[in-house]
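Before any comments, here is the structure.
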Amino acid sequence: MVDYDRLSREELVERLRALENDVSDRTQVTDPRSVSEEQYRTLFNTMVEEVHVWELVRDDAGRILTWRLVDLNPAGERSWGMARASVVGKTADEIFTTATEHFMPIVTRIFETGQPYSWETYFQDIDQHMRMTSVPFGEYFFTTGFDVTELKKNSARQEKLSMMARMATEASEIGVWELDLDTGRLTWNEQMSRIFGTDPKSLSHTASDWSDRLHPDDRDEMVAKLQTCIETGEKFVGNFRIVTPSGGTRVIKARSEILKSESSGTPVLIGTNIDITAQEDLINELQVSKELANASNAAKSEFLASMSHELRTPLNAVIGYSELLKLMAADRLTEKDQEYLDDILESGQHLLSLINDVLDLSQIEAGSVEIDEEDISITDIFDHVETFVLPLASRKGLSIERQPMPPCLPRVCSDRMRLSQILINLLTNAIKYSPDGGRITLAAAIPSRHRVRLSVTDAGCGIAPDDQSVIFDPFTRLHNDSMTPAEGVGIGLAVSKKLADRLGGVIGVDSDVGSGSTFWLDFPCEPGGTTCDESCGKTSRPLMPADPA
Ligand code: ADP
């Protein structure tokens with residue numbers, strides 16, 4: 001083994017050259033001493049760390065002035081971006097400006113102590129972090145350097161991620177725990193202690209820190225679930241209750257999964273706990289409020305139903321006797337008496353229709369409206385509703401026209417009475433909100449393969465876009481000055497909308513202020529196997545839309 005400390009610079013350089021030649025020229029190695037040197041040279045040449053060998057340059061007083069490069073390995077050439085031959089023999093400052101000033105404290109230190117010294121340095125211009133080690137020998141020293149830039153960046157990234165995770169768990173009050181499956185050691189963050197109401201110092205760091213605090217009714221199930229998670233590797237998600245030291249019960253939302261650490265290979269079970277007691281309490285309160293609201297709604301509906309019955313009985317008597325009086329005593333009544341009688345009759349009928357509307361609304365809201373579906377012809381429905389509203393329309397000099405039915409209009413399966421009720425509401429409104437002498441149009445269309453659209457169009461005052469969304473709310477009436485008639489309380493459209501919902505349909509309006517409105521009702525129909533409305537003349541065929549949507 002060569003004692004490098006005893007060699008002069010020339011001898012050292014000579015030896016290094018010889019070594020290099022040896023490595024490249026010789027295929028057979030016989031001298032054990034040479035083998036060792038050759039191995040060193042091979043190591044020197046193949047190391048991933050850069051290695052540079054330096055010789056001190058001193059002044060006459062023996063003070064270190066600088067150092068001169070004796071050798072540089074291939075990793076050093078790559079790192080410096082310089083060929084060995086171009087730098088060997090040059091001083092540190094000739095290779096890197098200010099290198100002497102920069103590294104003098106380190107060189108001085110290793111020669112004063114005679115000990116190796118490791119440090120880290122950052123080369124700002126090339127954004128490189130290096131971990132360096134310098135070892136003195138005789139008047140020489142060598143320095144190894146390892147690029148730790150990626151390591152540094154990774155650890156900075158790791159630090160940032162950990163900090164973000166910590167901030168996120170703190171802000172969202174998430175408890176995080178970790179169970180080492182090899183050692184059985186359980187650790188958790190401060191939030192876990194806060195949730196469980198325990199002093200972190202009193203923890204035993206075993207699974208019992210957790211299981212002992214589980215609510216007795218949930219314990220067996222939770223322990224079994226966690227065991228399954230450990231055995232199968234499946235994620236665990238669930239809620240359980242814990243009992244705090246003060247005896248309180250808290251509801252916890254938990255998740256956990258197994259992480260197999262890449263570096264240690266030790267499997268750990270990692271989990272989170274969130275205290276959701278407040279949300280659970282709120283949900284329970286809401287549930288109770290909902291039940292109360294349902295109960296009071298049912299009571300309201302019951303009250304309205306019985307009140308309506310109580311009101312309708314005497315009202316029907318008033319209407320009935322007024323009609324009777326009109327019929328039997330007409331010749332004995334004065335003209336004024338006749339007028340009064342008509343007023344009584346009209347007011348009675350108006351009141352009766354209002355009571356019926358209010359009752360309808362409350363019954364639909366309470367879900368107590370029965371839907372009686374049957375096979376219906378749209379033409380029949382149109383005939384029926386038209387007859388019903390014709391007297392009202394005539395009184396205002398309005399005509400009701402029907403657009404030609406589309407070919408192959410299907411019959412529909414719906415509730416005849418409820419469907420008529422919706423259309424009568426829409427027609428009554430069209431009459432109410434149209435000026436005298438106009439025209440109202442009743443139409444049917446097939447907007448898509450599975451839907452039928454029935455519509456009522458008037459040439460009335462129209463409805464502003466903002467108002468179109470509110471007119472279907474109960475008790476909403478628009479203030480259209482002279483166009484708003486006195487009769488009505490704003491229930492008709494609300495009842496129609498709820499009935500349309502119950503029939504599986506949708507009600508809506510297209511309107512322009514000043515030009516009139518089209519109220520429409522879309523509802524589903526079966527395309528295949530539905531019998532055609534009689535207007536088609538066919539009996540059974542798939543529905544083909546007139547204008548495919
Ligand atoms: P009511 O007619 O009893 O007031 P509705 O619920 O039937 O109650 O209608 C609500 C409001 O919608 C009406 O007060 C009216 O302002 C407006 N409206 C309904 N139909 C029409 C229509 N065809 N043209 C213009 N406005 C209408």
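The values are calculated or read from the model by the stated rules, or taken from the named source; none is laboratory data. Predicted model only: the values in this text are computed from it and were never measured. Methodologically, a virtual Cβ is constructed for each residue, glycine included, from the backbone with ideal geometry; neighbour enumeration extends over all protein chains shown.
The table below gives the values:
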quantity	calculated
Residue count, region 444-486 (criterion: touching an Asp or Glu at 6+ places or on another chain (Cβ under 9 Å), at pLDDT 90 or above and near the ligand (Cβ under 7 Å from one of its atoms))	2
Pair list, Cβ < 9 Å and 6+ apart or interchain, from region 206-222 residues that are over 10 Å from Ile242 (Cβ atoms) to residues that are assigned to a loop (DSSP other than H, G, I, E, B) and small (Gly, Ala, Ser)	Thr206/Gly184; Ala207/Gly184
Test: residue in region 125-144 that is surrounded by fewer than 11 Cβ atoms within 10 Å (Cβ to Cβ), aliphatic (A, V, I, L, M) and part of a helix (DSSP H, G or I)	yes
Unmet criterion (only one of (1) crowded, with 17+ Cβ neighbours inside 10 Å; (2) of a type in the set (D, E, K, R); (3) outside any helix (DSSP H, G or I)) for Glu120	(1)
Of the criteria (1) at pLDDT 85 or above; (2) more than 9 Å from the ligand (Cβ to nearest atom); (3) in contact with a strand residue (DSSP E or B) (Cβ under 9 Å, 6 or more places away or on another chain), which one Cys525 fails	(1)
Residue in region 243-258 that is on the phi > 0 side of the Ramachandran plot and of a type outside the set (Val, Ile, Thr) present	yes
Region 421-436, subset free of Cβ contacts under 8 Å to residues at least 60 places away in the same chain and in contact with a helix residue (DSSP H, G or I) (Cβ under 6 Å, 6 or more places away or on another chain), residue nearest to Phe388 (Cα to Cα)	Ile424
When residues of region 50-74 are limited to those that are under 60 Å from the mean Cα position of the chain (by Cα) and part of a strand (DSSP E or B), the one surrounded by the fewest Cβ atoms within 10 Å (Cβ to Cβ)	Val51
Answer residue from region 495-508, given it is within 11 Å of the ligand (Cβ to nearest atom) and over 33 Å from the mean Cα position of the chain (by Cα) and is surrounded by the most Cβ atoms within 10 Å (Cβ to Cβ) among those	Val495
Every residue from region 445-460 that is buried (at least 21 other Cβ atoms within 10 Å of the Cβ) and not hydroxyl-bearing (Ser, Thr, Tyr)	Ile446, Val452, Leu454, Val456, Asp458, Gly460
Qualifying position, being free of Cβ contacts under 8 Å to residues at least 12 places away in the same chain, more than 7 Å from the ligand (Cβ to nearest atom) and not polar (S, T, N, Q), among Arg411, Arg395, Arg416, Arg439	Arg395
For Tyr433: the one exception among (1) over 22 Å from Leu352 (Cα atoms); (2) within 8 Å of the ligand (Cβ to nearest atom); (3) over 42 Å from the mean Cα position of the chain (by Cα); (4) modelled with pLDDT of 90 or more	(1)
Residues (in contact with a strand residue (DSSP E or B) (Cβ under 6 Å, 6 or more places away or on another chain), over 17 Å from Gly145 (Cα atoms) and charged (D, E, K, R)) located in region 43-64	Glu55, Arg58, Asp59
Subset of region 247-285 [more than 21 Å from the chain's Cα centre (by Cα), part of a loop (DSSP other than H, G, I, E, B) and modelled with pLDDT of 90 or more]	Gly247, Gly248
